[in-house]
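**Student:** This is the structure I want to talk about, given as structure tokens.
The values are calculated or read from the model by the stated rules, or taken from the named source; none is laboratory data. No experiment lies behind these values; they were computed from the predicted model shown. Cβ placement follows ideal geometry from the backbone for every residue including glycine, while neighbour counts extend to all protein chains displayed.
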Amino acid sequence: MASSFAVPKNIALQTGDTWESDGQVYRLYGVQSCIRGSIATDAAGNKYDCGSLSLAQLGGLFQTAAVTCQPIGRARDDAIFAVCAAEIEGSTIDVGTAMISSGFAFAATYPGGNAVNMSYVVAELTAKSAGEGLWAYKFPHPVQALLQTSQPAATKGAGQ
């Protein structure tokens, strides 16, 4: 795998965990965003595209922070899995943890249901108990939805 790289500001976001830069698709390792086209409903009954809410959060993070990623492998669809860090106000944070602890992404699992990254599970449970981000909405949990579909679909964002 290549060495670490800075994420440019002119990337094309595809989802709340995937982006394209210079013709290459990158995906946050161990992170599953809400699925685009799925519906999140707030307490007042307003409906939103859940995936777009995840995407907006990742976009905001990438635009406001200096993000550096380390490629760690390739997905079956040839996307590069990466672990990324963001520099925000003098602190370095893991992008996956930031997305999940803010409630706008989730801990990805392998097809058998085991978490790709256990620390992301802790971040997700903490965000859920605090009602952060999407946890303030009613929405179809993307990991559960993917696990219920065919295996190729389930593995796309799950660290395979």
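**Student:** Which members of the stretch 20-50 meet the condition of being closer than 15 Å to ALA82 by Cβ, in contact (Cβ under 8 Å) with a residue 12 or more places away in the chain and surrounded by fewer than 23 Cβ atoms within 10 Å (Cβ to Cβ)?
**Tutor:** Selection gives SER21, GLN24, VAL25, TYR26.
For every residue, the table says whether it meets (1) modelled with pLDDT under 95; (2) closer than 13 Å to GLY16 by Cα.
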| position | (1), (2) |
| --- | --- |
| ARG76 | yes, no |
| GLY96 | no, yes |
| ALA105 | no, yes |
| THR126 | no, no |
| LYS138 | no, no |
| SER150 | yes, no |
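**Student:** Within the stretch 56-71, identify whether any single residue is surrounded by fewer than 22 Cβ atoms within 10 Å (Cβ to Cβ) and aromatic (Phe, Trp, Tyr), and answer yes or no.
**Tutor:** Yes - at least one qualifying residue is present in the stretch 56-71.
**Student:** Criterion first (buried (at least 18 other Cβ atoms within 10 Å of the Cβ) and either at pLDDT 95 or above or touching a Phe, Trp or Tyr at 6+ places or on another chain (Cβ under 8 Å) (or both)) does ALA82 satisfy it?
**Tutor:** Yes; evaluated as a whole, the condition is true for this residue.
**Student:** Can you tell me which residues in the stretch 1-19 are touching a strand residue (DSSP E or B) at 6+ places or on another chain (Cβ under 7 Å), part of a loop (DSSP other than H, G, I, E, B) and closer than 20 Å to ALA86 by Cα?
**Tutor:** Passing the criteria: ALA2, SER4, VAL7, PRO8, ILE11, GLN14, THR15, GLY16, ASP17.
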